[in-house]
Amino acid sequence: MIYHLFFRMLKDHDEAKDLTQDTFFKAYKKYNSFRHESSVSTWLYRIAVNTGINYLKRKKYIAERTKGEAAMVNAGTDPGVSVEFDYSALTNAISKLSPRQQSVVILRVYQNLPFRQIANIVGGTENAAKVNFSHAIKNLRSILKGVKK
């Protein structure tokens, strides 16, 4: 579950393994501070998402993205319209989102998690997760429009 999250984010087995190991090491070190307010898997996801975001920020990593992300950003366009997309621009745009919006986008797009589970991971309500995702998509469209000009 954690490895697949990182592999989908990074498209690199070795880096995904390293971040998975980092996540479990952090969880092991901090287990005594786990408050049991959520499931262990939700807690691990939260650690993993934060680890992944920090890694991407630190390394300014640009991974090849799937066409599904282009569809996500261009949601609402005609299905028959083909979309040419600069994935490095999307990566850069995602890095400009707030950490919470980055987390919601990563969990929704890469892990295809339901909003209820995303809410448990990032903290907040299901509706707040939906609103954060909606705002993130709106912000991505705005950022990417500026890139096209």
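The values are calculated or read from the model by the stated rules, or taken from the named source; none is laboratory data. Everything quoted here is computed from the prediction, not taken from an experiment. Don't worry about glycine lacking a Cβ; one is built from the backbone with ideal geometry, like all the others, and counts go over all protein chains shown.
Within segment 24-37, the only residue that satisfies the criterion of being within 17 Å of Ile2 (Cα to Cα) and either among the small types (Gly, Ala, Ser) or in contact with a strand residue (DSSP E or B) (Cβ under 9 Å, 6 or more places away or on another chain) (or both) is Ala27.
Residues that are among the basic types (Lys, Arg) and at pLDDT 75 or above do not occur anywhere in segment 53-74. The residues in segment 116-149 that are surrounded by fewer than 17 Cβ atoms within 10 Å (Cβ to Cβ), in a helix (DSSP H, G or I) and among the small types (Gly, Ala, Ser) can be counted, and the count is 4.
The residue pairs whose first member lies in segment 120-149 and is in contact (Cβ under 8 Å) with a residue 24 or more places away in the chain and within 22 Å of His36 (Cβ to Cβ), whose second member is in a loop (DSSP other than H, G, I, E, B) and of a type in the set (A, V, I, L, M, F, W, C), and whose beta carbons are closer than 8 Å, counting only pairs six or more residues apart or on different chains, are Ile121/Leu113.
For segment 8-28, name all the residues that are assigned to a helix (DSSP H, G or I) and either within 16 Å of Trp43 (Cα to Cα) or among the basic types (Lys, Arg) (or both). Hits for segment 8-28 are Arg8, Lys17, Leu19, Thr20, Gln21, Asp22, Thr23, Phe24, Phe25, Lys26, Ala27, Tyr28.
Consider segment 1-33 and keep the residues that are without any contact (Cβ under 8 Å) to a residue 24 or more places away in the chain and of a type in the set (A, V, I, L, M). The one that is nearest to Leu56 (Cα to Cα) is Ala16. If you check Leu90, Leu113 for being over 15 Å from Leu5 (Cβ atoms) and surrounded by fewer than 21 Cβ atoms within 10 Å (Cβ to Cβ), only one passes: Leu90. Of note, Arg8 satisfies the criterion of being of a type in the set (Lys, Arg), within 23 Å of Gln117 (Cα to Cα) and under 16 Å from the mean Cα position of the chain (by Cα). Of all residues in segment 35-49, those satisfying the criterion of being touching a residue at least 40 places away in the same chain (Cβ under 8 Å) and in a helix (DSSP H, G or I) are Ser41, Thr42, Leu44, Tyr45, Arg46, Ala48, Val49.
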